[in-house]
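The values are calculated or read from the model by the stated rules, or taken from the named source; none is laboratory data. Quantities reported herein were computed from a predicted structural model and do not represent experimental measurements. Quick reminder, even Gly has a Cβ in these numbers, built from the backbone with ideal geometry, and neighbours come from all protein chains shown.
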């Protein structure tokens, strides 16, 4: 009888020991799992088009991705704006660096993302070929080239001679570039057609930014007037390679404190809700990279060469001369400071876009903007 009681007691003790061991193992498992999860960096994937507009996003990747504690920052280059739009709207990425009229049009369609900051200010230009320049006779020094009536009159003369409007390449009809072109022409009493319009002085034709220099080359070979309004450094590419000229810069067409709004950063509502800290970290380092670019362009020498080398790892078609010309501190035609939300600056672009028929209707900018990602570093 005593043996039986001892045996039962041993069985109970073994069961208790087994349960305790299981509890300890499970606790260890959850603790290890939590530690692993807490230590992991959260992926933040951003997509961009190969433009000077997005240099800060590239420099942030090259210089700071290994310093980020919360975010695993990933960037992917996209060939055109329509492709970038479709990719972002698929929900497979967290961020996009995008032209603001297109972003506003997307928000009207499906407001499942928010505006979280700027990528740069100013930064696009009109390029013309030699045939148009025969009437314009641009000044040798780029800093002295301004958006006066000469190019507008050359467009009208070409239309009269050829019996049809001159085509001007833009990256998208839903681009700030189209807005700038519209305002320039309107300032000089000329009209812009969006893809068509025989009665107009100029027709805006969609051409992907990397293909815009080829567009000028083809028109040159045909003896036809040619131009495009694109982001830097594509306008600089045609001049540094000798088959076109920079006519004027957008900063002189749309004037705004600190530079006009152009490309912006947008993030999905899902990323804002579930990856907030990681997203904030990425935006901080993009702003920091912007200041790095500004410092390098002021100091020049090896620092600007280093910036150029980083960019060319991702965008080899941006030749070094064009990058350096785009970032010249004396021209100051693009800048990467003051990248926090600028509601009134965006409203300025939106109003011109609606006036020109580029956007069908305005959006609620207060609903579109999320100012929680602002940084102090971008004001340096």
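From the list 346, 339, 359, pick out the single residue that is in contact with a strand residue (DSSP E or B) (Cβ under 7 Å, 6 or more places away or on another chain) and in a loop (DSSP other than H, G, I, E, B).
Numbers: 346 fails: in a loop (DSSP other than H, G, I, E, B); 359 fails: in contact with a strand residue (DSSP E or B) (Cβ under 7 Å, 6 or more places away or on another chain).
Result: 339 is the single residue among 346, 339, 359 that is in contact with a strand residue (DSSP E or B) (Cβ under 7 Å, 6 or more places away or on another chain) and in a loop (DSSP other than H, G, I, E, B).
Out of the helices (runs of 4 or more DSSP H) lying entirely within the range 75-146, which hold 3 or more residues that are out of contact with any helix residue (DSSP H, G or I) (no Cβ under 7 Å at 6 or more places or on another chain) and modelled with pLDDT of 95 or more? I'd like the intermediate steps shown before the answer.
Numbers: elements: 81-89, 100-109, 130-136.
Those helices (runs of 4 or more DSSP H) span 81-89, 100-109.
Kindly provide the set of residues from the range 177-199 that are assigned to a helix (DSSP H, G or I), out of contact with any helix residue (DSSP H, G or I) (no Cβ under 6 Å at 6 or more places or on another chain) and either surrounded by fewer than 16 Cβ atoms within 10 Å (Cβ to Cβ) or touching a residue at least 60 places away in the same chain (Cβ under 8 Å) (or both), ordered by number.
177, 178, 182, 184, 186, 187, listed by residue number.
Are any residues in the range 120-147 more than 28 Å from the chain's Cα centre (by Cα) and touching a residue at least 40 places away in the same chain (Cβ under 8 Å), and if so, which ones?
Result: 130, 131, 132, 133, 136, 138.
Does residue 129 satisfy the criteria of being buried (at least 21 other Cβ atoms within 10 Å of the Cβ), under 30 Å from residue 198 (Cβ atoms) and assigned by TED's automatic domain parsing to the domain that holds residue 203?
Yes: the conditions hold for residue 129.
For the subset of the range 307-337 comprising residues that are surrounded by fewer than 15 Cβ atoms within 10 Å (Cβ to Cβ) and at pLDDT 95 or above, which member is farthest from residue 209 (Cα to Cα)?
The extreme case among them is 309.
Based on this model, can you work out whether residue 161 counts as on the phi < 0 side of the Ramachandran plot, surrounded by fewer than 22 Cβ atoms within 10 Å (Cβ to Cβ) and either assigned to a strand (DSSP E or B) or touching a strand residue (DSSP E or B) at 6+ places or on another chain (Cβ under 7 Å) (or both)? Working first, answer last.
Numbers: on the phi < 0 side of the Ramachandran plot: yes; surrounded by fewer than 22 Cβ atoms within 10 Å (Cβ to Cβ): yes; either assigned to a strand (DSSP E or B) or touching a strand residue (DSSP E or B) at 6+ places or on another chain (Cβ under 7 Å) (or both): no.
No.
Do you know which residues across the range 311-346 are over 18 Å from the mean Cα position of the chain (by Cα) and free of Cβ contacts under 8 Å to residues at least 24 places away in the same chain?
Matches in the range 311-346: 320, 324, 344.
Sort through 166, 178 and tell me the only one that's farther than 23 Å from residue 324 by Cα, modelled with pLDDT of 95 or more and in contact with a strand residue (DSSP E or B) (Cβ under 8 Å, 6 or more places away or on another chain). Before the answer, list the steps.
On the way: 166 fails: modelled with pLDDT of 95 or more.
Result: 178 is the single residue among 166, 178 that is farther than 23 Å from residue 324 by Cα, modelled with pLDDT of 95 or more and in contact with a strand residue (DSSP E or B) (Cβ under 8 Å, 6 or more places away or on another chain).
Can you list the strands (runs of 3 or more DSSP E) found entirely within the range 200-266 that contain at least 3 residues being buried (at least 22 other Cβ atoms within 10 Å of the Cβ)?
Answer list for the range 200-266: 227-231, 245-249.
Just wondering, is there one or more residues in the range 190-211 that are modelled with pLDDT of 90 or more, at positive phi and under 25 Å from the mean Cα position of the chain (by Cα)?
Yes.
Report yes if residue 55 is assigned to a helix (DSSP H, G or I), assigned by TED's automatic domain parsing to the domain that holds residue 351 and either at pLDDT 95 or above or more than 12 Å from the chain's Cα centre (by Cα) (or both), otherwise no.
Working: assigned to a helix (DSSP H, G or I): yes; assigned by TED's automatic domain parsing to the domain that holds residue 351: yes; either at pLDDT 95 or above or more than 12 Å from the chain's Cα centre (by Cα) (or both): yes.
In short, yes.
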